[in-house]
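Below: the structure, in C-alpha cells.
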C-alpha cells in the first residue's frame, strides 16, 4: 500500500488504539498530536529553510621556496700512457726485424758478397721496411711544393723543419730552390705492449730440435 493512500477503517481503529496508549506514555508525542489537531503543519510538511553558516577559512598563501640543487658535472679525464722513448725505439727495431730482417741485414758483413747478391737482399729488406712504415706510421712531406721549385722562407720560419744549405748570408726572408721536400710523422700507431721488458729482445734465438 502506498504511503499516500488513506488507511482502511479497520486499520484506523488499530492506529487509534495504538496511538491512545502511545500518547499516554509519551508527552512529546501528545504535544505533537495537539498541534496537529489545532491545524499546525507537521515538521515533515514544512519546506526546509536554507541555513547559511559562515565558517572562517584560513587563507592559503602559496610560498615559493627555492632550494639550491647541487649540480653534478661529469668530467672526462683522458689518460694518456706514454711509452718510454727507448722502449718505442726497441719496439720499432723489433718490427723491422720481424718484417724485413733489418737487424740481420745490418749486422751482416756484406763485403764478401757481390753487388747482385746485396741488391737481391736489399730488395727484401726494402719491402719489409716499407710495410712497417705504412702500417705503423703516417708520413707526410714537410713542404707541399714540388722539388726544384723556388720558395721563400719568411722571418721566423721553423728551423727544425727546414735546413738551409749553400751560401747562407744575412737574415730571413730567404729565397732558394727546394732540394728535398722533407718528411714528418703525423701519427704513430705502435702495437700495445704487455711487457715493455720484452721489447729488448729484437729477435728470439732459434733452437732446432
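The values are calculated or read from the model by the stated rules, or taken from the named source; none is laboratory data. Quick caveat, the model's predicted, so the values are computed rather than measured. All Cβ positions, glycine included, derive from the backbone under ideal geometry; neighbour counts span all protein chains shown.
Of all the criteria given as (1) at pLDDT 95 or above; (2) surrounded by fewer than 11 Cβ atoms within 10 Å (Cβ to Cβ); (3) out of contact with any strand residue (DSSP E or B) (no Cβ under 6 Å at 6 or more places or on another chain), the one not satisfied by residue 152 is (3). Do we have residue 117 as surrounded by 11 or more Cβ atoms within 10 Å (Cβ to Cβ) and in contact (Cβ under 8 Å) with a residue 24 or more places away in the chain here? Taking the combined requirement at face value, the residue does not satisfy it. Specify the residue that is nearest to the chain's Cα centre (by Cα); the eligible residues are those in region 173-209 that are assigned to a loop (DSSP other than H, G, I, E, B), closer than 30 Å to residue 148 by Cα and touching a residue at least 24 places away in the same chain (Cβ under 8 Å). Among them, the one singled out is 182. Quick check on residue 169: is it farther than 16 Å from residue 91 by Cα and surrounded by 11 or more Cβ atoms within 10 Å (Cβ to Cβ)? Answer is no for this residue. With respect to residue 162, determine if the residue is part of a helix (DSSP H, G or I) and modelled with pLDDT of 95 or more. So residue 162 does not fit the description; no. Scan region 93-113 residue by residue and report those that are assigned to a helix (DSSP H, G or I), without any contact (Cβ under 8 Å) to a residue 40 or more places away in the chain and surrounded by 14 or more Cβ atoms within 10 Å (Cβ to Cβ). Answer for region 93-113, where residues must be assigned to a helix (DSSP H, G or I), without any contact (Cβ under 8 Å) to a residue 40 or more places away in the chain and surrounded by 14 or more Cβ atoms within 10 Å (Cβ to Cβ): 96, 99, 100, 102, 105.
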